[in-house]
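Beneath this line is the structure, given in structure tokens, with notes to follow.
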Amino acid sequence: MPKPRTRTTQSRGSSGETRRGKPWWLTVFRFFASPVLWRFLLVAAMAYGVYWVIPRVYPWGQDAAYRVLHALGFGLVIAVIVLGAVAWLIWRGFSPFLRHWNWWLGSLSFFAAIWGLLAFFYPGSGVLAQASLGGYAGQWLLHSPDVLGALRIAALTLVGFLFVTPRGTVRAFWVVGKGLAVALRGIWSSLSGLRLHRAEVKGPGIGPVAAAEAEQPGAPAAPPVPVAEVKPAEQQAEVPAGQVERLWRRFASKPMLTPSGWQLPPLDILEKGSDKVLGYQADNNKRARAIEEALASYGVEAKVVEINVGPAVTQFGVEPGWDRKYREVKERDEDGNVVVRQEEVSRTRVKVERIASLANDLALALAAPTVRIEAPVPGKSVVGIEVPNTTTGVVTLRSVVETAAFQKVRARSKLALALGKAAGGEAVAADLSKMPHLLIAGATGSGKTVCLNSTIASILLHNTPEDVQFIMVDPKRVELVAFNTIPHLVAPVVVDTEKAVDVLRWLLQEMDRRYIQFARVTARNIEDFNKKHPAEPMQYLVLVIDELADLMMTAYDEVERSLCRLAQLARATGIHLVVATQRPSVDVVTGLIKANFPTRVSFAVTSQVDSRTILDMVGAEKLLGKGDMLYMPTDAAKPRRLQGCFVSDQEIERLVYFWNSQKGPEAPMRVQEFIVEPGRGGEVVPEDPLLGAARRLAQEHRHISASFLQRRLRIGYTRAARLMDLLEKERREGWEESGGGGPAA
């Protein structure tokens, strides 16, 4: 065993050592080398120097004081202050200077600037009439009493501010420079708007973009842009007087022209989001302690390891602790008494289900309306407890579009969508072409229609009518009609459910037509086709349906069959679906529709049954509403909670006015020829592909009915009834042509 350390002491003896074993001369040396002694000697030397110098300087002349005043001026006060500060630093051992050296250097710079500033002023009479108030030293600092001297004073002042507050000085310069840039930009925008206004007054047929190009001197004459037909008065939105002109004056300063002559809207059309922090650190720490105490009171050991503050909710990352098992061990102490102690036998991690089952208890402890537990958080070894914030933030579309996450998706796809921000505040963007279809569900007022508007606006911000086209179905007649005048529409917004069925039938034929074109050029998808035909590219086509339940009530079988066939086959042709419904029941969102729409978004719903219908799991019934949603992508096993983007009506109006003010070529595809207006005579109904088979069945069997055609042709009742109407019409026309003698052969 190692020997214990012992400290030995020796008395002073012949060896010349102290009791602690150190030589005496080292102690004496340390005393003379101590800072206190040297400071005292330095102050004594300075006092003796002053005492020695003053008697010898006095005989130098009676005007010595005048010479000192000539040399220093009122800077004599500054010199005394500086000498006093230096003496104080020497006495304190320069430790204050080492701690705040920047303040001392900044003060010296300020004193030098003040000394030089005094040199600008000359008294009318007196001792300093020729030397200025700053004396000859101030004149030397100033160098010359003109603009150069003023610049030197300003430079000394700036150096002082840089030493004292470097960050504040840089921030002040940044704010001033930004203000000047904004002012210059406003002046330039006003001048550009004035030029555009003059160009519009000179030529009514020229657009704002062409007018801006025509103003450039020496520019070659551009070819005339084909002008689209003027929309009827009932289809045009009522634009306030001068609204489009004001928009062009404001937003035409940064033109983003495409090769075809279209101008993409700038981000200034959208409103900026506020950077206000909604979660306070003190409140979050208090909530974290409340969560730990509440879990501990129920026998669950856990610790909050991270706090992620989002726009609507704050996610507390809880790390599960250990579930320990003990046993009692009885022993006898030295006195013979029996002592019982606890000995740990085993320990295991606390099960996640125990924390997830305490959601209501945690909501009670935190006084929150609802608490959602994500167990576990994907990619992390923590359990996420999502608690609503006291104040809900608004996530604007511009705040997501300007992020690197959205720009990364936008760089590789034309159908980039800005979804919102997650619980940690990070922006989330998605690619509609990879989804490839989106199913949205939520109760009334939960933010479903706003999500549709932000989806459409995300595409309109970065694509021209030659890139993406829309077909919109709005049975409510009040939501999507705001986009009725944009040039991206293939047809006006469909508000009649019977016409919507015809639109789905036209989309099926358009899909088949595109596949035939792909087969001719041996292209696999729309990207491959556009690479092989860059001169005539094929546009993406997005179908937006605001309320699926109304369509399912009108024609259940045909709508379900058309949507499923489009969802299965239309991805390669560039046709994508965005379908929304406020009633996610099994008779609306059927099993076939769910299987073909893997990407889903659920807003707040009324029950767990609706949540299971749209997401195959519970959780959507605990959402807060007003944009709070669960996003289920195709490559994720669990949904992700987001705060959706908000787009105001004013932003939609500005975006629609911007596109409506540009004139371009008419869209090559039109659905109007396929949609039959009810009650219009002389309209030729498009022939159904199964009409020939129905004729053969009518010739083979004496009596047929709609249910018979439904069974034999494997179609829905609505389509079978329509075929029966066509057969009855042909029979009646043949009877009339034969003069009542029988049907025509």
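The values are calculated or read from the model by the stated rules, or taken from the named source; none is laboratory data. Here the structure is a predicted model, which is why all the values come from computation and not from measurement. Note that each Cβ is placed from the backbone with ideal geometry, even for glycine, and that neighbours are counted across all protein chains shown. Just so you know, the surface numbers come from the protein's heavy atoms only, side chains and all, with ligands and any DNA or RNA stripped out. Shrake-Rupley method; radii C 1.70, N 1.55, O 1.52, S 1.80 Å.
Quick look at the values:
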item	result
Restricting region 458-474 to residues that are of a type in the set (D, E, K, R) and either assigned to a helix (DSSP H, G or I) or farther than 17 Å from LEU551 by Cα (or both), the residue that is least open to solvent (accessible area, probe 1.4 Å)	ASP467
Meets criteria (surrounded by fewer than 24 Cβ atoms within 10 Å (Cβ to Cβ), over 14 Å from the mean Cα position of the chain (by Cα), closer than 18 Å to LEU624 by Cβ and among the hydroxyl-bearing types (Ser, Thr, Tyr)) for THR449	yes
Answer residue from region 687-709, given it is in contact with a Lys or Arg (Cβ under 8 Å, 6 or more places away or on another chain) and within 18 Å of ALA555 (Cα to Cα) and is modelled with the lowest pLDDT among those	ASP688
Matching option when the condition is of a type outside the set (A, V, I, L, M), part of a helix (DSSP H, G or I), open to solvent by 30 Å² or more (accessible area, probe 1.4 Å) and out of contact with any Lys or Arg (no Cβ under 8 Å at 6 or more places or on another chain), among ARG477, ARG520, ARG514	ARG520
Selected residue (only one of ALA365, ALA288, ALA375 is in contact with a helix residue (DSSP H, G or I) (Cβ under 6 Å, 6 or more places away or on another chain) and open to solvent by less than 50 Å² (accessible area, probe 1.4 Å))	ALA375
Region 561-571, subset open to solvent by 30 Å² or more (accessible area, probe 1.4 Å) and touching a residue at least 40 places away in the same chain (Cβ under 8 Å), residue farthest from PRO487 (Cα to Cα)	ARG561
Pair list, Cβ < 6 Å and 6+ apart or interchain, from region 621-637 residues that are touching a residue at least 12 places away in the same chain (Cβ under 8 Å) to residues that are crowded, with 21+ Cβ neighbours inside 10 Å and of a type in the set (Phe, Trp, Tyr)	MET629/PHE603
Matching entry among SER413, SER454 (being touching a residue at least 60 places away in the same chain (Cβ under 8 Å) and polar (S, T, N, Q))	SER454
The lone exception for GLU426 - which of (1) charged (D, E, K, R); (2) over 28 Å from PRO266 (Cα atoms); (3) open to solvent by 10 Å² or more (accessible area, probe 1.4 Å) it fails	(2)
Given (1) in a helix (DSSP H, G or I); (2) at pLDDT 90 or above; (3) open to solvent by less than 30 Å² (accessible area, probe 1.4 Å), number of the condition GLU527 does not satisfy	(3)
Near pairs, Cβ below 7 angstrom, 6+ apart or cross-chain, from region 150-173 (touching a residue at least 12 places away in the same chain (Cβ under 8 Å) and under 24 Å from PHE120 (Cβ atoms)) to any residue that is open to solvent by 50 Å² or more (accessible area, probe 1.4 Å) and not in a helix (DSSP H, G or I)	ARG152/HIS143
Test for VAL586: is it out of contact with any helix residue (DSSP H, G or I) (no Cβ under 8 Å at 6 or more places or on another chain), among the β-branched types (Val, Ile, Thr), surrounded by fewer than 17 Cβ atoms within 10 Å (Cβ to Cβ) and over 20 Å from VAL377 (Cβ atoms)	no
Residue that is modelled with pLDDT of 75 or more, over 40 Å from the mean Cα position of the chain (by Cα) and part of a helix (DSSP H, G or I), where the choices are ALA181, ALA154	ALA154
In region 400-423, residue nearest to GLY310 (Cα to Cα) [restricted to those that are within 12 Å of the chain's Cα centre (by Cα) and open to solvent by 30 Å² or more (accessible area, probe 1.4 Å)]	LYS421
Selection within region 530-546 - open to solvent by 60 Å² or more (accessible area, probe 1.4 Å), under 21 Å from HIS462 (Cβ atoms) and in contact (Cβ under 8 Å) with a residue 12 or more places away in the chain	PRO537
Breaking point among (1) under 18 Å from the mean Cα position of the chain (by Cα); (2) modelled with pLDDT of 90 or more, for ASP361	(1)
Selection status of ARG398, outside any strand (DSSP E or B), touching a helix residue (DSSP H, G or I) at 6+ places or on another chain (Cβ under 7 Å) and closer than 20 Å to ASP649 by Cβ	yes
Count of residues meeting criterion [without any contact (Cβ under 8 Å) to a residue 40 or more places away in the chain and in a helix (DSSP H, G or I)] in region 480-508	1
Residues located in region 616-648, provided they are hydrophobic (A, V, I, L, M, F, W, C) and part of a loop (DSSP other than H, G, I, E, B)	MET617, VAL618, LEU623, LEU624, ALA636, ALA637, CYS645, VAL647
Selection count, region 346-402, where residues are out of contact with any Phe, Trp or Tyr (no Cβ under 9 Å at 6 or more places or on another chain), over 14 Å from TYR298 (Cα atoms) and charged (D, E, K, R)	5
